[in-house]
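These notes are about the structure you will find just below.
The values are calculated or read from the model by the stated rules, or taken from the named source; none is laboratory data. The structure displayed is predicted, hence computed values, not measured ones. Reconstructed Cβ throughout: ideal geometry from the backbone, glycine too, with neighbour counts over all protein chains shown.
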Amino acid sequence: MTEGKRKRQAEEVEVENDVQPKRRNKQRVLMLSSRGITHRMRHLMSDLEALLPHVKRESKLDSKSHLHLLPELADLHNCNNTLYFEARRHEDLYLWAAKTPNGPSIKMHVLNVHTMDELKMTGNCLKGSRGILSFDKAFDETEWGRMTKELFTHIFGVPPLARRAKPFIDHVLSFSILDNKIWFRNFQILEKDPQQPNGPPKMSLVEIGPRFVLTPIRIFEGAFSGATVYSNPEFVTPAAVRSMLRQRKGDRYRDRKDAQEESARRKELRRREEDALSVPKIFA
């Protein structure tokens, strides 16, 4: 073997050693719920599962007090993110979004849920396609907004090499902040006007669904536990709201009863004694 050939082979080996392996974005999401969810909550989970091909669905968690088991369950499924839907009183829905096993985790109250079947929007997208994440600039103005944006990027951002993902981008997942609440929308990307298929390209967005609103309650340092990083001082639990409404109804009932008693007392004071010459006494 000549000296030049040995030199070329040595250079090729050095080049191969210098090539760095391409880093893969391995994001897998475990999705599960507690017992007691309604049909609307279940349909919302199905819609999100259809939008996120890197989600692994798991059966219901038996006890709501055993949240410390969720990081272990995610590890068994080889997932590093978790979406846990917690139902209370068959009418209140809470969403936990967490990075497992080290955190952080966010607990949110889900409001104004509208599924794809309810909306019946004209938009449509390919099942398993990847979506563009659009965040409102208000996320960068607060500490909890930046943390939520980073966590949602890991959970809702479909990796390009996900097992069930298709190499197409045809919809936009929009996250906006208004009144300290996170508004979620899903839009289809249209490159041409459907009424003018042969016309010039014209980009537009058509809503697909689902849509819902998230109220941040608390951010924890760990996964479903740990120190509190952020607490929403404006949040009032739905049970407290219903209790206030019942109390107002009770106050109205008491006011009505008090008015009836006052009216009866005034009638008693205005009542005159029966005269001796009155007709009933004369003809008695």
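Residue pairs whose Cβ atoms lie under 6 Å apart, separated by 6 or more positions or on different chains, with the first residue in region 170-194 and assigned by TED's automatic domain parsing to the domain that holds Gly157 and the second of a type in the set (Ser, Thr, Tyr) and assigned to a strand (DSSP E or B), are Asp170/Ser129; Val172/Ser134; Ser174/Ser134; Lys181/Thr215; Trp183/Ser176; Arg185/Ser174; Leu190/Ser204. The numbered conditions (1) within 27 Å of Glu207 (Cα to Cα); (2) touching an Asp or Glu at 6+ places or on another chain (Cβ under 9 Å); (3) not in a strand (DSSP E or B) are all true for Leu30 except (3). Across region 161-173, a minimum of one residue is classified as surrounded by 12 or more Cβ atoms within 10 Å (Cβ to Cβ), within 23 Å of His114 (Cβ to Cβ), modelled with pLDDT of 90 or more and under 13 Å from the mean Cα position of the chain (by Cα). Taken over region 188-228, the residue count meeting the criterion of being farther than 21 Å from Phe85 by Cα, crowded, with 16+ Cβ neighbours inside 10 Å and among the β-branched types (Val, Ile, Thr) is 2.
Taken residue by residue, region 184-194 has at least one member that is among the charged types (D, E, K, R) and under 20 Å from the mean Cα position of the chain (by Cα).
I'd like the residue in region 131-160 that is touching a Phe, Trp or Tyr at 6+ places or on another chain (Cβ under 7 Å) and within 18 Å of Val55 (Cα to Cα) and, out of all such residues, is surrounded by the fewest Cβ atoms within 10 Å (Cβ to Cβ). Going through the qualifying residues, I end up with Leu133.
Check whether at least one residue in region 176-186 is surrounded by 13 or more Cβ atoms within 10 Å (Cβ to Cβ) and aliphatic (A, V, I, L, M), and report yes or no. Looking for residues that are surrounded by 13 or more Cβ atoms within 10 Å (Cβ to Cβ) and aliphatic (A, V, I, L, M), one finds at least one in region 176-186, hence yes. Inspect all residues belonging to region 233-256 and state whether any of them is of a type in the set (Ser, Thr, Tyr), modelled with pLDDT of 85 or more and either surrounded by 15 or more Cβ atoms within 10 Å (Cβ to Cβ) or outside any loop (DSSP other than H, G, I, E, B) (or both). Checking region 233-256: not a single residue is of a type in the set (Ser, Thr, Tyr), modelled with pLDDT of 85 or more and either surrounded by 15 or more Cβ atoms within 10 Å (Cβ to Cβ) or outside any loop (DSSP other than H, G, I, E, B) (or both).
Taking strands (runs of 3 or more DSSP E) as the structural unit, those lying wholly within region 61-136 and holding at least 1 residues that are of a type in the set (Asp, Glu) correspond to 81-88, 92-99.
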